[in-house]
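Note sheet for the following structure.
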Ligand code: ADP
Ligand code: MG
């Protein structure tokens, strides 16, 4: 599903150049649930922003679902991003003036889906994350865990082929974290491919594979042998 080869990404500030990703190659297959780990500053977010077509890279190749997406312009990448990728941020990034339902409908507005179908699909996505009773609320009227569930509903409403999440539980308490990981495990069991950054090893236990980064390089790639099943017990 995702294949990158020899990705290099540098940031230049003034006359200093920093290598954020140093020749990274990896493959993600459909159906995987993968954690990206590593210390702060190791390049995790940079990698996910590139994989999510939110940022460009200096050199290397990126193939997404068989299509070379290495050299797209902004318009082309926005189109593919909207179709193929659901992105979830640590800080939720909800629109404060819009209701929960309107927030979830937003990607469908961009995709040109008509109002009635938009509403139906958004309601279904909200039901999927257990938020049917909060559709009219504004983001400041719900809890952090509920905000993140809205963000998940928004990310899945387009049926993306891959869900990407950058520290999705970084702002949540441990009980809420478990709730969010259960939703991820259920979505994965239903076939959604998930790629998630986390620095918490307990959170990585919910995944099937752990990629570890250090100093912009992929230093370890391990199956997560004892995938935590407690969620389904
Ligand atoms: P992580 O998510 O693992 O904490 P990042 O991908 O955010 O790491 O950052 C990797 C490196 O790139 C860090 O040294 C960071 O300071 C640097 N960096 C990230 N974004 C920028 C930017 N927009 N401009 C300059 N340097 C950046
Ligand atoms: Mg980061």
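Condition check ((1) within 15 Å of the chain's Cα centre (by Cα); (2) crowded, with 22+ Cβ neighbours inside 10 Å) across all residues:
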position	(1), (2)
157	yes, yes
161	yes, no
167	yes, no
175	no, no
179	no, no
185	yes, no
188	yes, no
196	yes, yes
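Screening residue 191 on (1) in contact (Cβ under 8 Å) with a residue 60 or more places away in the chain; (2) more than 16 Å from ligand 2 (Cβ to nearest atom); (3) touching a helix residue (DSSP H, G or I) at 6+ places or on another chain (Cβ under 6 Å) shows it passes everything except condition (3). Confirm whether residue 212 is buried (at least 20 other Cβ atoms within 10 Å of the Cβ) and either part of a loop (DSSP other than H, G, I, E, B) or in contact (Cβ under 8 Å) with a residue 60 or more places away in the chain (or both). No: the conditions fail for residue 212.
Results for (1) under 23 Å from residue 37 (Cβ atoms); (2) away from ligand 2 (no atom under 16 Å from the Cβ); (3) touching a strand residue (DSSP E or B) at 6+ places or on another chain (Cβ under 7 Å); (4) part of a loop (DSSP other than H, G, I, E, B), shown as yes or no for each residue.
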| residue | (1), (2), (3), (4) |
| --- | --- |
| 125 | no, yes, no, no |
| 136 | no, yes, no, yes |
| 140 | no, yes, no, no |
| 147 | no, yes, no, no |
| 165 | yes, no, yes, no |
| 218 | yes, no, yes, no |
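For residue 64, indicate whether it is within 19 Å of residue 88 (Cα to Cα), at pLDDT 95 or above and within 16 Å of ligand 1 (Cβ to nearest atom). So residue 64 does not fit the description; no.
The values are calculated or read from the model by the stated rules, or taken from the named source; none is laboratory data. Remember, it's a predicted structure, so these values are computed and weren't measured experimentally. Every residue, glycine as well, gets a Cβ built from its backbone with ideal geometry; the counts of neighbours run over all protein chains shown.
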